[in-house]
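The values are calculated or read from the model by the stated rules, or taken from the named source; none is laboratory data. Because the structure is a prediction, the values reported are computed rather than measured. Every residue, glycine among them, receives a Cβ derived from its backbone with ideal geometry; neighbour counts consider all protein chains shown.
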């Protein structure tokens, strides 16, 4: 009689499975109870504050940043995503030559978001932004200059 | 339970030319010549080292080599077997495929990346790289023409 | 046999040929109009079913499904069809052109023909033949030919395996569904689809034939699912195994025809099931009798029942894993067929001794 | 009259080749198997790898020790954190650093969460491979909760790069404990449902039972590890054999099934999820508070020598073998990936089965192709 028993037992397991899916389906029909879809442009995406979107450089309202051009981030980066073009400029007040960044170039396309540059930065000049709209039509647009045009080093960071 | 002394004494009795060292490693290192390699592998398998944890191709600069990590599943005792090959042009070793089946893919990988030819292996073809690839990229003297890795 | 039923399609042809006096030309015109109605129904129902499937699947899977194009996403499948229409038709290099291209015509013709014998409502059946049930099961086995041809003609090993599997599967399961249908035919005493429906006025066959009818229904549902190539019997496609199986190498409309036909086949299986077991277009317990034109209520009840049946098939699809080819045959030859044969004997005995209700 | 006779010797069946992959739904990535088939029966399997080979081992020879870690995320991306941990542990072992207790506990919790996430994804894909498409979405719903926990603390959902030599990147987010405590009962509630949906299903049982048998001896000889070996009754859980991080402080049992078939491997993973929950539950309430970073130098140089660290990833026995010559770059790094050795087992197990079974076997081996190719 195991022949009949097999059939009945088998059908029972099948019904069990249908019970599980049905228990999700019918509430979903009525009030979308278990629906987990987030319709992104209509509903905002959940972005956590620590999300590693891209590296940005902090600027204050006077267009000043904290990057001294020490290149610690460039050395720390495993992929060579960061290149710093710097120069020594004569400081008129002290009369000494001071290292100053010209361009802090960041290749987002090569970045693996490993956080080592930000850990390495002695002056907290760079940080993560939670921006995730990173797609572009052209790969060259992923190469970004982090310091804004005309920005200067914030006073007091050098010490 | 097996420990370093017992296995060392046992093996030294069978293979007088083996070198043992425990320097700078957590395990007993056995350095074997190419000729004793297959016999040592068989002996170790009979000693209960039934789990070939990994087979690592090595380029020591002058010579190429293979490092085996062998483990007894019974008491989880691990030893390291190293074999060095002076010949960089046509390095050859007998295959371990028949002793530990897992060597099948590991040996193909080593052949692919280091160019060590395992005699008697059933499918001695390139595994990761394409058939027409030239050179053995994991060797230290391999130059990367595209400057992809070595900046 | 002279058909005494009301048949609006026959009336239409009669109107053109006799009332208007257009003779043979009027007949042809009538046929063309009926064909157009059926083709429109074919595509509209196909697209709606695709939409329904996606929506139902989405709710099973905690998603929303298509909801952007048109109200509730209703036009999504039309947009998809437009996309498929404009796509390039390309296949493998050394395909057998004749077989490859005839495959999708056969599949459409087979399902359209099967559709013609299904009574949608009182008097709404294009081909009201006295052997309707027999006709449908004969025609639906033509469908397998297209899959075999598509699988073979594509010159692709995955397609071929899919086609071969399908041949095995559809031919075997044809037997069981045939037996299940015969069980009901025994009870009805007629092979005519409209006749079967009319016989269920007092009680639907599922209740009338109680135990054997219930077993026949279960067998029919399983065999029907297998015949329409749906999970758990979607071996010819077997997504995880064969990519897309027999239609791997079809693109654009070639693929779309297969896709539509699959859904129409599901509709046909459900419609046959509803006609045989649930009284077709008859209202349950006659609750809407005399409340307006019978054909309109008939349509409503028919499509409602078919929808519920289709929903059952969809529920299967989104719940069960797929069988293996040998298990598929084991199920058929060791379980369904013996039980079906036994069942038909039981039914015969019941009918002979008047044990049915 | 002419006699027509059929000489059966003239009837020949021919074996043929089938390229399964590199683009194929069942290979979960770009694994290519060259199958020799007789009808639908698999006669021989020859894997062709390297479609996602990125020479991680070679790259490591040109990176500093801190910089290796983020590369390992990309190997077995489903157990990214455990890979990170393996390298971090290897470096710590070489430098003889004692990491703070908090770090150990955090790493263990994260590791177990990663394991659950990986097994959940496997469960969903397993269902898809045998044709039950709905499992995938259910598994992803639950996995998403883990991903959110990860993102909140580590800033990334999959490739966390969370461990560093001597510690972890960030401290735990204040919400971490709350979210984990929400997740544990949720998973405990849904796993029985999953069992009803898939495990108990008669079709699934028939597909799994007795298929892809791997004997204990073969499992050891083929170098199988992780759930594959444990499904064949091999005591192979590194968490038990050589406990690392905080695993020596927790009480859990190693899941071993002895049947050696698909169903056994399936059950090992299902039970492991619950066991991982147990581990997390024991640790989550008393995370010590003694800092997240041991003192390390900015530029790490390992002493001369060879260092092997083994951890149990979701796939099995991952070995990180670092040969150092005292410079700032390693001389040679070898990742003994579990998937690579488990692939050996597929070659052995798949022979003589139908294609459909091969797909199911591959699914129970739970390949992550970047892990095989490295």
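Laid out as a table, the results:
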{"item": "Hits in segment C:145-160 (condition: buried (at least 24 other Cβ atoms within 10 Å of the Cβ) and within 24 Å of the chain's Cα centre (by Cα))", "result": "C:146, C:147, C:150, C:151, C:159"}
{"item": "Considering residues of segment C:241-256 that are buried (at least 24 other Cβ atoms within 10 Å of the Cβ) and in a helix (DSSP H, G or I) only, the residue nearest to the other protein chains (Cβ to nearest Cβ)", "result": "C:241"}
{"item": "Which listed residue is part of a helix (DSSP H, G or I) and out of contact with any strand residue (DSSP E or B) (no Cβ under 8 Å at 6 or more places or on another chain), from C:26, C:65, C:21", "result": "C:26"}
{"item": "Odd one out for residue A:45, checked against (1) within 12 Å of another protein chain (Cβ to nearest Cβ); (2) farther than 27 Å from residue D:149 by Cβ; (3) in a loop (DSSP other than H, G, I, E, B)", "result": "(2)"}
{"item": "Search result, residues across segment A:31-44 that are on the phi < 0 side of the Ramachandran plot and out of contact with any helix residue (DSSP H, G or I) (no Cβ under 7 Å at 6 or more places or on another chain)", "result": "A:31, A:37, A:38, A:39, A:40, A:41, A:42, A:43, A:44"}
{"item": "Which listed residue, of A:80, A:69, A:53, is within 12 Å of chain D (Cβ to nearest Cβ), in contact (Cβ under 8 Å) with a residue 24 or more places away in the chain and out of contact with any helix residue (DSSP H, G or I) (no Cβ under 8 Å at 6 or more places or on another chain)", "result": "A:53"}
{"item": "Helices (runs of 4 or more DSSP H) lying entirely in segment D:196-290 (those with 2 or more residues that are surrounded by fewer than 24 Cβ atoms within 10 Å (Cβ to Cβ))", "result": "D:202-208, D:216-221, D:238-241, D:262-284"}
{"item": "Any hit, segment A:132-139, residues being farther than 18 Å from residue A:58 by Cβ, at pLDDT below 85 and touching a strand residue (DSSP E or B) at 6+ places or on another chain (Cβ under 7 Å)", "result": "yes"}
{"item": "Residue list for segment D:37-59, filter: part of a loop (DSSP other than H, G, I, E, B), under 22 Å from residue B:110 (Cβ atoms) and within 7 Å of another protein chain (Cβ to nearest Cβ)", "result": "D:49, D:50, D:53, D:55"}
{"item": "Residue tally, condition surrounded by 11 or more Cβ atoms within 10 Å (Cβ to Cβ) and more than 9 Å from every other protein chain (Cβ to nearest Cβ), over segment A:31-42", "result": "2"}
{"item": "Failed item, numbered, when residue C:119 is tested on (1) assigned to a loop (DSSP other than H, G, I, E, B); (2) surrounded by fewer than 16 Cβ atoms within 10 Å (Cβ to Cβ); (3) within 24 Å of the chain's Cα centre (by Cα)", "result": "(2)"}
{"item": "Helices (runs of 4 or more DSSP H) contained in segment C:289-357 and holding at least 2 residues more than 19 Å from residue C:274 (Cα to Cα) and touching a strand residue (DSSP E or B) at 6+ places or on another chain (Cβ under 8 Å)", "result": "C:325-330"}
{"item": "Residue in segment D:90-100 that is within 18 Å of the chain's Cα centre (by Cα) and within 14 Å of chain B (Cβ to nearest Cβ) present", "result": "no"}
{"item": "Residue list for segment B:130-151, restricted to those being modelled with pLDDT under 70 and within 26 Å of residue D:47 (Cβ to Cβ)", "result": "B:148, B:149"}
{"item": "Long-range neighbours under 8 Å by Cβ, at least six apart or interchain, first residue in contact (Cβ under 8 Å) with a residue 60 or more places away in the chain and more than 10 Å from chain D (Cβ to nearest Cβ) within segment B:86-106, second assigned to a helix (DSSP H, G or I) and surrounded by 24 or more Cβ atoms within 10 Å (Cβ to Cβ)", "result": "none"}
{"item": "Candidate set: segment D:184-195, residues that are more than 11 Å from chain A (Cβ to nearest Cβ) and touching a residue at least 60 places away in the same chain (Cβ under 8 Å); chosen: the one surrounded by the fewest Cβ atoms within 10 Å (Cβ to Cβ)", "result": "D:188"}
{"item": "Residue within segment B:29-48 that is out of contact with any strand residue (DSSP E or B) (no Cβ under 7 Å at 6 or more places or on another chain), at pLDDT 80 or above and within 11 Å of chain D (Cβ to nearest Cβ) present", "result": "yes"}
{"item": "Options A:62, A:28: the member that is touching a helix residue (DSSP H, G or I) at 6+ places or on another chain (Cβ under 8 Å) and either within 30 Å of residue A:102 (Cα to Cα) or at the interface with another protein chain (Cβ under 8 Å from one of its Cβ atoms) (or both)", "result": "A:28"}
{"item": "Selection within segment A:67-83 - within 15 Å of residue A:122 (Cβ to Cβ) and surrounded by fewer than 20 Cβ atoms within 10 Å (Cβ to Cβ)", "result": "A:70, A:71, A:74, A:75"}
{"item": "Among (1) buried (at least 18 other Cβ atoms within 10 Å of the Cβ); (2) closer than 19 Å to residue A:78 by Cβ; (3) modelled with pLDDT under 85, the one test that residue D:24 misses", "result": "(2)"}
{"item": "Matching residues in segment D:9-21 - criterion: being surrounded by fewer than 10 Cβ atoms within 10 Å (Cβ to Cβ) and not in a loop (DSSP other than H, G, I, E, B)", "result": "D:9, D:10"}
{"item": "Every residue from segment D:308-356 that is assigned to a helix (DSSP H, G or I), within 12 Å of chain B (Cβ to nearest Cβ) and in contact (Cβ under 8 Å) with a residue 60 or more places away in the chain", "result": "D:338, D:339, D:341, D:342, D:343, D:344, D:345, D:346, D:347, D:348, D:349"}
{"item": "Some residue of segment A:98-107 being closer than 22 Å to residue D:154 by Cβ, more than 14 Å from chain D (Cβ to nearest Cβ) and modelled with pLDDT of 85 or more", "result": "yes"}
{"item": "Residue under evaluation residue D:6, criteria (1) more than 14 Å from every other protein chain (Cβ to nearest Cβ); (2) outside any loop (DSSP other than H, G, I, E, B), criterion not met", "result": "(2)"}
{"item": "Matching residues, segment A:48-72, being at pLDDT below 85, under 21 Å from the mean Cα position of the chain (by Cα) and not in a loop (DSSP other than H, G, I, E, B)", "result": "A:59, A:65, A:72"}
{"item": "Lone qualifier among B:119, B:140, B:62, B:82 - being over 28 Å from residue D:218 (Cβ atoms) and in contact with a strand residue (DSSP E or B) (Cβ under 6 Å, 6 or more places away or on another chain)", "result": "B:140"}
